[in-house]
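Presented below is the structure to which this report refers.
The values are calculated or read from the model by the stated rules, or taken from the named source; none is laboratory data. In this text, all values refer to a predicted model and were calculated from it rather than measured experimentally. Don't worry about glycine lacking a Cβ; one is built from the backbone with ideal geometry, like all the others, and counts go over all protein chains shown. To get the accessible areas, we keep the full protein, side chains included, count just its heavy atoms, and leave off ligands, DNA and RNA. Shrake-Rupley method; radii C 1.70, N 1.55, O 1.52, S 1.80 Å.
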Amino acid sequence: AGPGQAAMYAGLQELGVANGEDLKETLTNCTEPLKAIEQFQTENGVLLPSLQSALPFLDLHGTPRLEFHQSVFDELREKLLERVSAIALEGKVEERYKKLEDLLEKSFSLVKMPSIQPVVMCVMKHLPKVPEKKLKLVMADKDLYKACAVEVKRQIWQDNQALFGDEVSPLLKQYILEKENILFSNDISVLHNFFSPSPKTRRQGEVVQKLTQMIGKNVKLYDMVLQFLRTLFLRTRNVHYCTLRAELLMSLHDLEISEICTVDPCHKFTWCLDACIREKFVDNKRARELQGFLDGVKKGQEQVLGDLSMILCDPFAINTLALSTIRHLQDLVGQDTLPRESPDLLLLLRMLSLGQGAWDMIDSQVFKEPKMEAELITKFLPMLMSFVVDDLTFNVDQKLPSEEKGPIPYPSTIPEAFTKFLQENRIACEIGLYYILHITKQRNKNVFLRLLPALVETFSDLAFSDIFLHLLTGNLTLLGDEFALEEFCTSLFDGFFLTACSRKENVHRHVLRLLLHLHHKVAPAKLESLQKALEPTKQSGEAVKELYNQLTEKLELRKPSPAEVTETPSMELPLPTVPTPASR
(Lines give C-alpha, C1' and ligand atoms only; values in the text may rest on other atoms or scores of the structure.)
Protein backbone atom coordinates (compact mmCIF):
# COMPACT_ATOMS: atom_id res chain seq x y z
CA ALA A 1 0.00 0.00 0.00
CA GLY A 2 1.36 3.42 -1.02
CA PRO A 3 1.24 6.54 1.17
CA GLY A 4 -2.14 7.46 -0.34
CA GLN A 5 -3.66 4.17 0.76
CA ALA A 6 -2.06 4.42 4.18
CA ALA A 7 -3.90 7.75 4.62
CA MET A 8 -7.17 6.08 3.65
CA TYR A 9 -6.89 3.76 6.65
CA ALA A 10 -5.23 6.24 9.05
CA GLY A 11 -6.20 5.54 12.65
CA LEU A 12 -8.29 2.37 12.15
CA GLN A 13 -5.81 0.13 13.95
CA GLU A 14 -5.98 2.24 17.11
CA LEU A 15 -9.72 1.52 17.23
CA GLY A 16 -9.18 -2.23 16.71
CA VAL A 17 -10.70 -2.15 13.22
CA ALA A 18 -8.96 -4.23 10.58
CA ASN A 19 -7.55 -2.34 7.61
CA GLY A 20 -5.83 -3.08 4.30
CA GLU A 21 -2.54 -3.87 6.02
CA ASP A 22 -4.24 -6.56 8.13
CA LEU A 23 -5.75 -8.18 5.04
CA LYS A 24 -2.37 -8.14 3.32
CA GLU A 25 -0.78 -9.84 6.33
CA THR A 26 -3.55 -12.47 6.52
CA LEU A 27 -3.19 -13.35 2.84
CA THR A 28 0.61 -13.51 3.05
CA ASN A 29 0.57 -16.01 5.93
CA CYS A 30 -2.35 -18.29 4.97
CA THR A 31 -2.60 -21.52 3.00
CA GLU A 32 -6.12 -21.01 1.61
CA PRO A 33 -6.51 -17.39 0.38
CA LEU A 34 -10.17 -17.66 -0.70
CA LYS A 35 -11.26 -18.96 2.71
CA ALA A 36 -9.23 -16.20 4.37
CA ILE A 37 -10.93 -13.52 2.25
CA GLU A 38 -14.37 -14.93 3.05
CA GLN A 39 -13.60 -14.93 6.75
CA PHE A 40 -12.28 -11.31 6.57
CA GLN A 41 -15.49 -10.23 4.80
CA THR A 42 -17.69 -11.91 7.40
CA GLU A 43 -15.80 -10.41 10.32
CA ASN A 44 -15.60 -6.89 8.91
CA GLY A 45 -18.74 -6.61 6.78
CA VAL A 46 -22.06 -5.04 7.74
CA LEU A 47 -23.35 -7.30 10.52
CA LEU A 48 -27.03 -7.54 9.63
CA PRO A 49 -28.52 -11.07 9.45
CA SER A 50 -31.07 -10.06 6.79
CA LEU A 51 -28.27 -8.70 4.63
CA GLN A 52 -26.47 -12.03 4.20
CA SER A 53 -29.12 -13.44 1.88
CA ALA A 54 -29.39 -10.18 -0.11
CA LEU A 55 -25.72 -9.82 -0.97
CA PRO A 56 -25.59 -12.75 -3.48
CA PHE A 57 -28.52 -11.06 -5.23
CA LEU A 58 -26.35 -7.97 -5.80
CA ASP A 59 -23.57 -10.25 -7.09
CA LEU A 60 -26.00 -11.58 -9.74
CA HIS A 61 -26.53 -8.02 -10.94
CA GLY A 62 -22.78 -7.49 -11.24
CA THR A 63 -22.70 -4.85 -8.50
CA PRO A 64 -19.23 -4.92 -6.92
CA ARG A 65 -19.16 -5.25 -3.10
CA LEU A 66 -17.05 -2.08 -2.97
CA GLU A 67 -19.81 -0.07 -4.62
CA PHE A 68 -22.37 -1.47 -2.17
CA HIS A 69 -20.23 -0.79 0.90
CA GLN A 70 -19.36 2.68 -0.37
CA SER A 71 -23.01 3.64 -0.81
CA VAL A 72 -23.90 2.29 2.65
CA PHE A 73 -20.94 4.19 4.08
CA ASP A 74 -21.90 7.47 2.37
CA GLU A 75 -25.48 7.12 3.56
CA LEU A 76 -24.40 6.44 7.15
CA ARG A 77 -21.98 9.35 7.09
CA GLU A 78 -24.73 11.74 5.95
CA LYS A 79 -27.00 10.46 8.74
CA LEU A 80 -24.19 10.88 11.28
CA LEU A 81 -23.46 14.45 10.11
CA GLU A 82 -27.15 15.30 10.46
CA ARG A 83 -27.23 13.72 13.91
CA VAL A 84 -24.16 15.66 15.08
CA SER A 85 -25.77 18.95 13.97
CA ALA A 86 -28.97 17.94 15.76
CA ILE A 87 -27.17 17.00 19.01
CA ALA A 88 -25.56 20.47 18.99
CA LEU A 89 -29.01 22.04 19.31
CA GLU A 90 -30.92 19.70 21.65
CA GLY A 91 -31.13 19.09 25.38
CA LYS A 92 -29.27 20.89 28.16
CA VAL A 93 -26.11 22.71 27.20
CA GLU A 94 -23.74 20.59 29.35
CA GLU A 95 -25.31 17.34 28.15
CA ARG A 96 -25.17 18.13 24.45
CA TYR A 97 -21.54 19.20 24.64
CA LYS A 98 -20.68 16.13 26.75
CA LYS A 99 -22.09 13.90 23.97
CA LEU A 100 -20.09 15.76 21.32
CA GLU A 101 -16.91 15.61 23.38
CA ASP A 102 -17.30 11.84 23.80
CA LEU A 103 -17.88 11.48 20.09
CA LEU A 104 -14.78 13.57 19.35
CA GLU A 105 -12.72 11.44 21.73
CA LYS A 106 -13.79 8.27 19.91
CA SER A 107 -13.44 9.58 16.38
CA PHE A 108 -10.43 11.92 16.54
CA SER A 109 -7.91 9.18 15.79
CA LEU A 110 -9.59 8.88 12.34
CA VAL A 111 -9.27 12.60 11.55
CA LYS A 112 -6.72 11.96 8.80
CA MET A 113 -8.88 9.36 7.08
CA PRO A 114 -10.44 11.34 4.18
CA SER A 115 -13.77 9.49 4.29
CA ILE A 116 -14.28 10.05 8.05
CA GLN A 117 -12.63 13.48 8.33
CA PRO A 118 -15.84 15.48 7.57
CA VAL A 119 -17.53 13.87 10.60
CA VAL A 120 -14.66 14.71 12.97
CA MET A 121 -14.54 18.27 11.60
CA CYS A 122 -18.29 18.62 12.03
CA VAL A 123 -18.08 17.54 15.70
CA MET A 124 -15.30 20.08 16.37
CA LYS A 125 -17.20 22.81 14.55
CA HIS A 126 -20.15 22.42 16.96
CA LEU A 127 -18.02 22.44 20.10
CA PRO A 128 -17.65 25.93 21.58
CA LYS A 129 -14.44 24.75 23.26
CA VAL A 130 -12.45 22.04 21.52
CA PRO A 131 -9.93 20.43 23.95
CA GLU A 132 -6.59 22.24 23.83
CA LYS A 133 -4.70 19.03 22.95
CA LYS A 134 -6.83 18.46 19.84
CA LEU A 135 -6.45 22.09 18.73
CA LYS A 136 -2.66 21.77 18.99
CA LEU A 137 -2.70 18.62 16.83
CA VAL A 138 -4.84 20.38 14.20
CA MET A 139 -2.60 23.46 14.25
CA ALA A 140 0.55 21.37 13.81
CA ASP A 141 -0.78 19.69 10.66
CA LYS A 142 -1.13 22.02 7.65
CA ASP A 143 -3.73 19.86 5.89
CA LEU A 144 -5.89 19.45 8.98
CA TYR A 145 -5.68 23.18 9.75
CA LYS A 146 -6.76 23.96 6.19
CA ALA A 147 -9.65 21.49 6.36
CA CYS A 148 -11.16 22.65 9.65
CA ALA A 149 -14.14 24.99 9.86
CA VAL A 150 -13.73 28.70 10.63
CA GLU A 151 -15.43 28.07 14.03
CA VAL A 152 -12.48 25.83 14.98
CA LYS A 153 -9.90 28.18 13.47
CA ARG A 154 -11.25 31.02 15.62
CA GLN A 155 -10.43 28.96 18.72
CA ILE A 156 -6.90 28.44 17.39
CA TRP A 157 -6.43 32.09 16.36
CA GLN A 158 -7.53 33.66 19.60
CA ASP A 159 -4.44 32.31 21.35
CA ASN A 160 -2.10 32.61 18.35
CA GLN A 161 -1.90 36.23 17.26
CA ALA A 162 0.97 35.57 14.81
CA LEU A 163 -0.98 32.85 12.98
CA PHE A 164 -4.08 35.07 12.85
CA GLY A 165 -1.89 37.90 11.54
CA ASP A 166 -0.67 35.65 8.71
CA GLU A 167 -4.29 34.98 7.72
CA VAL A 168 -5.39 38.63 7.93
CA SER A 169 -2.33 40.28 6.36
CA PRO A 170 -3.02 39.32 2.69
CA LEU A 171 -6.61 40.56 3.08
CA LEU A 172 -5.43 43.96 4.35
CA LYS A 173 -2.98 44.25 1.44
CA GLN A 174 -5.77 43.37 -0.99
CA TYR A 175 -8.03 46.02 0.57
CA ILE A 176 -5.46 48.82 0.18
CA LEU A 177 -4.75 47.73 -3.40
CA GLU A 178 -8.47 47.81 -4.26
CA LYS A 179 -8.75 51.38 -2.90
CA GLU A 180 -5.71 52.52 -4.88
CA ASN A 181 -7.05 50.91 -8.05
CA ILE A 182 -10.24 52.96 -7.74
CA LEU A 183 -8.27 56.19 -7.21
CA PHE A 184 -6.13 55.54 -10.30
CA SER A 185 -8.92 54.09 -12.43
CA ASN A 186 -8.89 55.13 -16.09
CA ASP A 187 -12.60 55.91 -15.92
CA ILE A 188 -12.71 59.59 -15.05
CA SER A 189 -16.17 60.82 -14.22
CA VAL A 190 -17.76 63.45 -12.05
CA LEU A 191 -20.74 61.17 -11.42
CA HIS A 192 -18.92 57.98 -10.45
CA ASN A 193 -15.94 58.65 -8.26
CA PHE A 194 -14.19 57.18 -5.22
CA PHE A 195 -16.93 58.44 -2.88
CA SER A 196 -19.93 57.31 -4.96
CA PRO A 197 -20.64 53.85 -3.45
CA SER A 198 -22.89 53.94 -0.39
CA PRO A 199 -21.51 52.68 2.94
CA LYS A 200 -23.78 49.62 2.74
CA THR A 201 -22.46 48.74 -0.72
CA ARG A 202 -18.84 49.15 0.40
CA ARG A 203 -19.41 46.79 3.33
CA GLN A 204 -20.37 44.05 0.89
CA GLY A 205 -16.79 44.09 -0.43
CA GLU A 206 -14.89 40.78 -0.34
CA VAL A 207 -12.31 41.78 2.29
CA VAL A 208 -14.82 43.23 4.79
CA GLN A 209 -17.05 40.16 4.40
CA LYS A 210 -14.15 37.73 4.88
CA LEU A 211 -12.88 39.55 7.98
CA THR A 212 -16.41 39.68 9.41
CA GLN A 213 -16.70 35.94 8.94
CA MET A 214 -13.28 35.25 10.45
CA ILE A 215 -14.17 37.29 13.55
CA GLY A 216 -17.66 35.84 14.04
CA LYS A 217 -18.73 36.92 17.55
CA ASN A 218 -15.23 36.70 18.97
CA VAL A 219 -14.33 39.96 20.73
CA LYS A 220 -10.69 38.87 21.14
CA LEU A 221 -10.27 38.45 17.37
CA TYR A 222 -12.05 41.76 16.70
CA ASP A 223 -9.63 43.51 19.06
CA MET A 224 -6.70 41.86 17.29
CA VAL A 225 -7.87 43.14 13.89
CA LEU A 226 -8.29 46.66 15.32
CA GLN A 227 -4.77 46.43 16.74
CA PHE A 228 -3.42 45.39 13.31
CA LEU A 229 -5.23 48.34 11.70
CA ARG A 230 -3.87 50.82 14.27
CA THR A 231 -0.33 49.52 13.87
CA LEU A 232 -0.49 49.65 10.06
CA PHE A 233 -2.03 53.13 10.11
CA LEU A 234 0.82 54.31 12.35
CA ARG A 235 3.44 52.62 10.18
CA THR A 236 2.15 53.82 6.81
CA ARG A 237 -0.12 56.83 7.53
CA ASN A 238 -2.48 55.21 5.02
CA VAL A 239 -5.99 56.52 5.78
CA HIS A 240 -7.71 53.58 4.06
CA TYR A 241 -7.04 51.54 7.23
CA CYS A 242 -9.34 54.02 9.02
CA THR A 243 -12.08 53.29 6.46
CA LEU A 244 -11.72 49.57 7.09
CA ARG A 245 -11.94 50.15 10.86
CA ALA A 246 -15.35 51.81 10.41
CA GLU A 247 -16.58 49.38 7.72
CA LEU A 248 -15.76 46.36 9.87
CA LEU A 249 -17.67 47.70 12.87
CA MET A 250 -20.68 48.57 10.70
CA SER A 251 -20.59 45.17 8.98
CA LEU A 252 -20.88 43.51 12.42
CA HIS A 253 -23.64 46.04 13.20
CA ASP A 254 -25.55 44.96 10.05
CA LEU A 255 -25.41 41.35 11.29
CA GLU A 256 -26.58 42.50 14.75
CA ILE A 257 -23.58 40.97 16.51
CA SER A 258 -24.27 42.57 19.87
CA GLU A 259 -21.43 40.63 21.55
CA ILE A 260 -19.02 42.97 19.74
CA CYS A 261 -21.07 46.10 19.03
CA THR A 262 -21.98 46.63 22.69
CA VAL A 263 -18.32 46.51 23.82
CA ASP A 264 -16.95 48.81 21.09
CA PRO A 265 -17.28 52.28 22.62
CA CYS A 266 -17.37 53.84 19.12
CA HIS A 267 -20.40 51.86 17.96
CA LYS A 268 -23.15 54.48 18.33
CA PHE A 269 -20.95 57.32 17.12
CA THR A 270 -19.93 55.31 14.03
CA TRP A 271 -23.53 54.32 13.37
CA CYS A 272 -24.67 57.96 13.45
CA LEU A 273 -21.72 59.11 11.30
CA ASP A 274 -22.45 56.28 8.86
CA ALA A 275 -25.93 57.72 8.28
CA CYS A 276 -24.35 61.14 7.55
CA ILE A 277 -21.88 59.58 5.09
CA ARG A 278 -24.80 57.90 3.34
CA GLU A 279 -26.46 61.33 2.87
CA LYS A 280 -23.08 63.06 2.23
CA PHE A 281 -24.27 65.70 4.71
CA VAL A 282 -24.36 66.21 8.48
CA ASP A 283 -27.85 67.50 9.31
CA ASN A 284 -28.64 69.40 12.51
CA LYS A 285 -30.25 66.47 14.35
CA ARG A 286 -27.31 64.14 13.74
CA ALA A 287 -24.85 66.94 14.47
CA ARG A 288 -26.39 67.22 17.95
CA GLU A 289 -26.08 63.44 18.43
CA LEU A 290 -22.44 63.40 17.36
CA GLN A 291 -21.69 66.34 19.64
CA GLY A 292 -23.35 64.48 22.51
CA PHE A 293 -20.95 61.55 22.02
CA LEU A 294 -17.89 63.83 21.96
CA ASP A 295 -19.02 65.82 25.00
CA GLY A 296 -19.86 62.56 26.80
CA VAL A 297 -16.27 61.26 26.89
CA LYS A 298 -15.69 60.90 30.64
CA LYS A 299 -12.53 61.48 32.63
CA GLY A 300 -10.41 58.37 32.65
CA GLN A 301 -11.94 57.17 29.35
CA GLU A 302 -10.12 59.60 27.07
CA GLN A 303 -8.50 56.71 25.24
CA VAL A 304 -11.74 56.31 23.28
CA LEU A 305 -10.79 59.58 21.52
CA GLY A 306 -8.03 57.64 19.75
CA ASP A 307 -10.63 55.30 18.27
CA LEU A 308 -13.10 58.10 17.49
CA SER A 309 -10.35 60.07 15.75
CA MET A 310 -9.55 57.04 13.58
CA ILE A 311 -13.25 56.73 12.65
CA LEU A 312 -13.26 60.46 11.75
CA CYS A 313 -10.02 60.12 9.78
CA ASP A 314 -11.75 57.78 7.32
CA PRO A 315 -11.68 59.68 3.97
CA PHE A 316 -15.43 59.05 3.60
CA ALA A 317 -16.00 60.84 6.92
CA ILE A 318 -13.63 63.71 6.03
CA ASN A 319 -15.38 64.05 2.65
CA THR A 320 -18.78 64.31 4.33
CA LEU A 321 -17.58 66.81 6.96
CA ALA A 322 -15.78 68.96 4.35
CA LEU A 323 -18.76 69.01 1.94
CA SER A 324 -21.03 69.98 4.84
CA THR A 325 -18.60 72.76 5.85
CA ILE A 326 -18.65 74.26 2.33
CA ARG A 327 -22.45 74.14 2.31
CA HIS A 328 -22.60 75.89 5.68
CA LEU A 329 -20.21 78.62 4.51
CA GLN A 330 -22.39 79.33 1.49
CA ASP A 331 -25.48 79.53 3.71
CA LEU A 332 -23.66 81.96 6.01
CA VAL A 333 -22.86 84.26 3.05
CA GLY A 334 -26.58 84.39 2.26
CA GLN A 335 -27.45 85.05 5.91
CA ASP A 336 -24.76 87.72 6.48
CA THR A 337 -23.48 85.64 9.41
CA LEU A 338 -19.89 85.15 10.51
CA PRO A 339 -18.45 81.62 10.99
CA ARG A 340 -17.85 82.15 14.72
CA GLU A 341 -21.61 82.66 15.18
CA SER A 342 -22.53 79.23 13.79
CA PRO A 343 -22.39 76.38 16.36
CA ASP A 344 -23.08 73.82 13.58
CA LEU A 345 -20.05 74.97 11.63
CA LEU A 346 -17.88 74.94 14.76
CA LEU A 347 -18.89 71.34 15.45
CA LEU A 348 -17.93 70.30 11.89
CA LEU A 349 -14.53 71.93 12.38
CA ARG A 350 -14.13 70.18 15.72
CA MET A 351 -14.74 66.78 14.09
CA LEU A 352 -12.49 67.58 11.11
CA SER A 353 -9.81 68.57 13.57
CA LEU A 354 -10.19 65.34 15.56
CA GLY A 355 -10.06 63.26 12.37
CA GLN A 356 -7.04 65.05 10.96
CA GLY A 357 -5.26 64.67 14.30
CA ALA A 358 -5.76 60.88 14.45
CA TRP A 359 -2.22 59.89 13.52
CA ASP A 360 -0.59 62.28 15.99
CA MET A 361 -2.92 61.21 18.79
CA ILE A 362 -2.38 57.47 18.30
CA ASP A 363 1.35 58.02 17.83
CA SER A 364 1.83 60.20 20.93
CA GLN A 365 -0.78 58.30 23.01
CA VAL A 366 -1.90 61.70 24.33
CA PHE A 367 -5.67 61.43 24.20
CA LYS A 368 -7.17 64.91 24.13
CA GLU A 369 -8.94 66.87 21.42
CA PRO A 370 -6.59 69.01 19.31
CA LYS A 371 -6.82 72.72 20.04
CA MET A 372 -8.58 74.66 17.31
CA GLU A 373 -6.73 77.72 16.10
CA ALA A 374 -8.91 80.81 16.54
CA GLU A 375 -7.57 82.34 13.30
CA LEU A 376 -9.02 79.46 11.29
CA ILE A 377 -12.46 80.69 12.35
CA THR A 378 -11.85 84.44 12.56
CA LYS A 379 -9.63 84.91 9.48
CA PHE A 380 -9.44 81.93 7.11
CA LEU A 381 -13.14 81.07 6.76
CA PRO A 382 -14.22 84.71 6.32
CA MET A 383 -11.54 84.93 3.59
CA LEU A 384 -13.13 81.95 1.79
CA MET A 385 -16.51 83.66 2.13
CA SER A 386 -15.05 86.83 0.59
CA PHE A 387 -14.10 84.79 -2.53
CA VAL A 388 -17.74 83.71 -2.80
CA VAL A 389 -18.82 87.35 -2.45
CA ASP A 390 -16.24 88.54 -5.04
CA ASP A 391 -17.61 86.02 -7.49
CA LEU A 392 -21.23 86.97 -6.90
CA THR A 393 -20.36 90.69 -7.20
CA PHE A 394 -18.49 90.10 -10.47
CA ASN A 395 -21.44 88.21 -11.95
CA VAL A 396 -23.82 91.01 -11.00
CA ASP A 397 -21.43 93.65 -12.43
CA GLN A 398 -21.30 91.74 -15.72
CA LYS A 399 -25.04 92.10 -16.08
CA LEU A 400 -25.16 95.84 -15.31
CA PRO A 401 -24.94 98.28 -18.23
CA SER A 402 -21.40 99.64 -18.05
CA GLU A 403 -20.64 103.37 -18.49
CA GLU A 404 -16.92 102.78 -19.05
CA LYS A 405 -15.54 101.29 -22.20
CA GLY A 406 -13.64 98.18 -21.03
CA PRO A 407 -15.04 95.12 -19.25
CA ILE A 408 -14.29 94.77 -15.54
CA PRO A 409 -11.49 92.23 -15.02
CA TYR A 410 -12.05 89.32 -12.65
CA PRO A 411 -10.11 89.73 -9.37
CA SER A 412 -6.94 87.72 -9.96
CA THR A 413 -4.89 88.25 -6.82
CA ILE A 414 -5.20 86.18 -3.68
CA PRO A 415 -4.35 87.38 -0.20
CA GLU A 416 -0.96 86.18 0.97
CA ALA A 417 -2.61 85.01 4.19
CA PHE A 418 -4.72 82.52 2.18
CA THR A 419 -1.64 80.87 0.70
CA LYS A 420 0.00 80.84 4.14
CA PHE A 421 -3.03 79.13 5.71
CA LEU A 422 -2.99 76.44 3.03
CA GLN A 423 0.69 75.82 3.76
CA GLU A 424 0.59 75.82 7.54
CA ASN A 425 -2.84 74.76 8.75
CA ARG A 426 -4.09 71.28 7.97
CA ILE A 427 -7.80 71.98 8.49
CA ALA A 428 -7.63 75.23 6.48
CA CYS A 429 -5.89 73.33 3.70
CA GLU A 430 -8.52 70.55 3.65
CA ILE A 431 -11.39 73.06 3.54
CA GLY A 432 -9.59 75.18 0.92
CA LEU A 433 -9.12 72.13 -1.32
CA TYR A 434 -12.78 71.16 -0.96
CA TYR A 435 -13.78 74.72 -1.86
CA ILE A 436 -11.70 74.42 -5.05
CA LEU A 437 -13.38 71.09 -5.85
CA HIS A 438 -16.74 72.76 -5.25
CA ILE A 439 -16.14 75.66 -7.67
CA THR A 440 -14.68 73.30 -10.31
CA LYS A 441 -17.82 71.22 -10.08
CA GLN A 442 -19.81 74.41 -10.66
CA ARG A 443 -17.70 74.97 -13.81
CA ASN A 444 -16.48 78.26 -12.30
CA LYS A 445 -13.29 78.80 -14.28
CA ASN A 446 -12.63 82.29 -12.88
CA VAL A 447 -12.40 81.34 -9.20
CA PHE A 448 -10.52 78.17 -10.15
CA LEU A 449 -7.78 80.04 -12.00
CA ARG A 450 -7.61 82.66 -9.27
CA LEU A 451 -7.00 80.13 -6.47
CA LEU A 452 -4.97 77.52 -8.37
CA PRO A 453 -1.54 79.14 -7.69
CA ALA A 454 -2.14 78.66 -3.95
CA LEU A 455 -2.13 74.87 -4.46
CA VAL A 456 1.50 74.51 -5.51
CA GLU A 457 2.65 74.47 -1.90
CA THR A 458 0.19 73.09 0.63
CA PHE A 459 0.28 71.50 4.06
CA SER A 460 1.95 68.08 3.76
CA ASP A 461 1.48 68.35 -0.06
CA LEU A 462 -2.25 67.68 0.35
CA ALA A 463 -3.02 69.19 -3.07
CA PHE A 464 -0.96 66.39 -4.61
CA SER A 465 -2.63 63.60 -2.61
CA ASP A 466 -4.40 60.86 -4.55
CA ILE A 467 -7.87 61.51 -3.19
CA PHE A 468 -7.79 65.21 -4.06
CA LEU A 469 -6.31 64.63 -7.54
CA HIS A 470 -8.82 61.84 -8.21
CA LEU A 471 -11.70 64.22 -7.41
CA LEU A 472 -10.12 67.19 -9.20
CA THR A 473 -9.51 65.26 -12.45
CA GLY A 474 -13.14 64.10 -12.34
CA ASN A 475 -14.45 67.64 -11.84
CA LEU A 476 -12.15 69.06 -14.54
CA THR A 477 -14.01 67.01 -17.16
CA LEU A 478 -16.81 69.57 -16.67
CA LEU A 479 -14.43 72.30 -17.85
CA GLY A 480 -13.44 70.26 -20.92
CA ASP A 481 -13.92 73.10 -23.42
CA GLU A 482 -11.47 75.33 -21.53
CA PHE A 483 -8.62 72.94 -22.43
CA ALA A 484 -8.55 74.44 -25.92
CA LEU A 485 -7.34 77.74 -24.41
CA GLU A 486 -3.61 78.29 -24.01
CA GLU A 487 -3.99 80.39 -20.86
CA PHE A 488 -6.08 77.76 -19.06
CA CYS A 489 -3.71 74.91 -19.96
CA THR A 490 -0.62 76.89 -18.96
CA SER A 491 -2.12 77.71 -15.55
CA LEU A 492 -3.31 74.15 -14.94
CA PHE A 493 -0.40 72.12 -16.33
CA ASP A 494 2.69 74.34 -16.16
CA GLY A 495 1.50 76.28 -13.11
CA PHE A 496 0.26 73.32 -11.08
CA PHE A 497 0.59 69.70 -12.27
CA LEU A 498 4.06 69.85 -13.83
CA THR A 499 5.56 71.52 -10.75
CA ALA A 500 5.27 68.15 -8.95
CA CYS A 501 5.36 65.53 -11.73
CA SER A 502 9.07 64.85 -11.55
CA ARG A 503 9.15 64.42 -7.75
CA LYS A 504 5.81 62.70 -7.30
CA GLU A 505 5.01 59.66 -9.40
CA ASN A 506 1.32 59.70 -8.40
CA VAL A 507 0.89 63.23 -9.85
CA HIS A 508 2.46 62.03 -13.12
CA ARG A 509 -0.11 59.22 -13.20
CA HIS A 510 -3.07 61.52 -12.53
CA VAL A 511 -2.05 63.98 -15.29
CA LEU A 512 -1.74 61.12 -17.77
CA ARG A 513 -5.17 59.80 -16.68
CA LEU A 514 -6.64 63.27 -17.30
CA LEU A 515 -5.03 63.61 -20.74
CA LEU A 516 -6.13 60.12 -21.78
CA HIS A 517 -9.64 61.35 -21.13
CA LEU A 518 -9.42 64.90 -22.52
CA HIS A 519 -6.57 64.87 -25.06
CA HIS A 520 -8.97 65.60 -27.94
CA LYS A 521 -9.96 68.89 -26.24
CA VAL A 522 -6.39 70.21 -25.79
CA ALA A 523 -4.92 72.61 -28.34
CA PRO A 524 -2.53 70.59 -30.60
CA ALA A 525 0.57 72.72 -29.90
CA LYS A 526 -0.01 72.46 -26.15
CA LEU A 527 -0.62 68.73 -26.41
CA GLU A 528 2.71 68.26 -28.16
CA SER A 529 4.66 70.13 -25.48
CA LEU A 530 2.80 68.20 -22.75
CA GLN A 531 3.66 64.92 -24.43
CA LYS A 532 7.34 65.86 -24.27
CA ALA A 533 7.13 67.08 -20.66
CA LEU A 534 5.36 63.92 -19.50
CA GLU A 535 7.70 61.42 -21.11
CA PRO A 536 8.67 58.80 -18.49
CA THR A 537 12.24 58.75 -17.20
CA LYS A 538 14.33 55.70 -16.37
CA GLN A 539 13.14 55.98 -12.77
CA SER A 540 9.43 56.00 -13.70
CA GLY A 541 7.34 53.05 -12.53
CA GLU A 542 5.47 50.60 -14.76
CA ALA A 543 2.11 52.32 -14.24
CA VAL A 544 3.42 55.65 -15.61
CA LYS A 545 5.04 53.96 -18.63
CA GLU A 546 1.86 52.01 -19.35
CA LEU A 547 -0.32 55.17 -19.21
CA TYR A 548 2.14 57.11 -21.34
CA ASN A 549 2.12 54.36 -23.99
CA GLN A 550 -1.69 54.36 -24.00
CA LEU A 551 -1.68 58.13 -24.50
CA THR A 552 0.92 57.94 -27.30
CA GLU A 553 -1.18 55.29 -29.09
CA LYS A 554 -4.29 57.46 -28.86
CA LEU A 555 -2.43 60.49 -30.22
CA GLU A 556 -0.96 58.44 -33.07
CA LEU A 557 -4.47 57.41 -34.10
CA ARG A 558 -5.52 61.06 -34.15
CA LYS A 559 -2.67 62.24 -36.34
CA PRO A 560 -3.86 62.87 -39.90
CA SER A 561 -1.90 61.38 -42.80
CA PRO A 562 0.19 63.94 -44.80
CA ALA A 563 -2.35 63.92 -47.65
CA GLU A 564 -5.16 64.91 -45.31
CA VAL A 565 -3.20 67.73 -43.69
CA THR A 566 -3.29 69.78 -46.87
CA GLU A 567 -7.02 69.34 -47.23
CA THR A 568 -8.31 69.87 -43.70
CA PRO A 569 -6.50 72.17 -41.33
CA SER A 570 -8.11 70.61 -38.23
CA MET A 571 -8.90 67.00 -37.45
CA GLU A 572 -11.53 68.12 -34.96
CA LEU A 573 -13.67 69.85 -37.64
CA PRO A 574 -13.30 68.16 -40.98
CA LEU A 575 -15.70 70.72 -42.54
CA PRO A 576 -15.07 72.83 -45.64
CA THR A 577 -13.40 76.04 -44.48
CA VAL A 578 -15.67 79.03 -44.79
CA PRO A 579 -14.32 82.60 -44.47
CA THR A 580 -15.56 84.20 -41.25
CA PRO A 581 -17.89 87.15 -41.85
CA ALA A 582 -16.47 90.40 -40.47
CA SER A 583 -17.98 91.22 -37.08
CA ARG A 584 -20.79 93.71 -37.41
If the limit is 20 Å between Cα atoms, which of 79/106; 280/368; 420/526 go over it? 280/368; 420/526
Expected 222 nm ellipticity per residue - DSSP helices of 4 or more, -39500 (n - 2.57), all of the chain, to 500: -20000 deg cm²/dmol
20 Å Cα-Cα reach of residue 445 towards aspartates and glutamates, excluding residues that sit fewer than 8 places from it in its own chain: 390, 391, 397, 481, 482, 486, 487, 494
Checking region 162-224 for trypsin sites (Lys or Arg not before Pro) in a loop per DSSP with at most 15 other beta-carbon atoms within 10 Å yields 217
For region 158-375, Rg(Cα) over 2.2 N^0.38 Å is 1.04
Which ³J(HN,Hα) values, rounded to whole Hz and listed in residue order, are derived for region 534-551 from phi using the Karplus coefficients 6.51, -1.76 and 1.60 in 6.51 cos²θ - 1.76 cosθ + 1.60 with θ = phi - 60°, glycine and proline given as x? 9, 4, x, 9, 4, 7, 4, x, 4, 4, 5, 4, 4, 5, 5, 5, 4, 5
Can you spot the aspartates and glutamates whose alpha carbon is less than 15 Å from residue 285's alpha carbon? Ignore those fewer than 8 places along the same chain. 274, 344
Looking at region 440-509, which GluC sites (Glu not before Pro) are in a loop (DSSP not H, G, I, E or B) and have at most 16 other Cβ atoms within 10 Å? 457
Hey, what's the chain come to in accessible area per residue, 1.4 Å probe, Å²? 55 Å²
Report, ordered by chain and residue number, the lysines lying within cross-link reach of residue 179, taken as a straight Cα distance under 18 Å and ignoring same-chain residues fewer than 8 apart. 200, 210
How big is region 418-551 on each of its three principal axes, counting only the C-alpha atoms and giving the largest first in Å? 38, 32, 19
Isolated Cys in the chain by the 4.7 Å beta carbon test? 30, 122, 148, 261, 266, 272, 276, 429, 489, 501
So for the chain, considering every pair of alpha-carbon atoms, how many percent are separated by more than 31 Å? 65 percent
For residue 510, what accessible surface area do you get with a 1.4 Å probe? Give it in Å², rounded to 10. 0 Å²
At 0.36 nm per residue, minus the direct Cα-Cα distance, what do residue 285 and residue 137 gain on full extension? Give it in nm, one decimal, please. 47.8 nm
With x for Gly and Pro, the residue-by-residue ³J(HN,Hα) of region 511-516, computed from phi through the Karplus equation 6.51 cos²θ - 1.76 cosθ + 1.60 at θ = phi - 60° and given in whole Hz, is 5, 5, 4, 4, 5, 4
Which of the GluC sites (Glu not before Pro) found in region 376-454 are in a DSSP loop and have at most 13 neighbouring Cβ atoms, other than their own, within 10 Å? 403, 404
How much of the accessible area of the chain, in percent, comes from carbon and sulfur atoms when a 1.4 Å probe is used? 56 percent
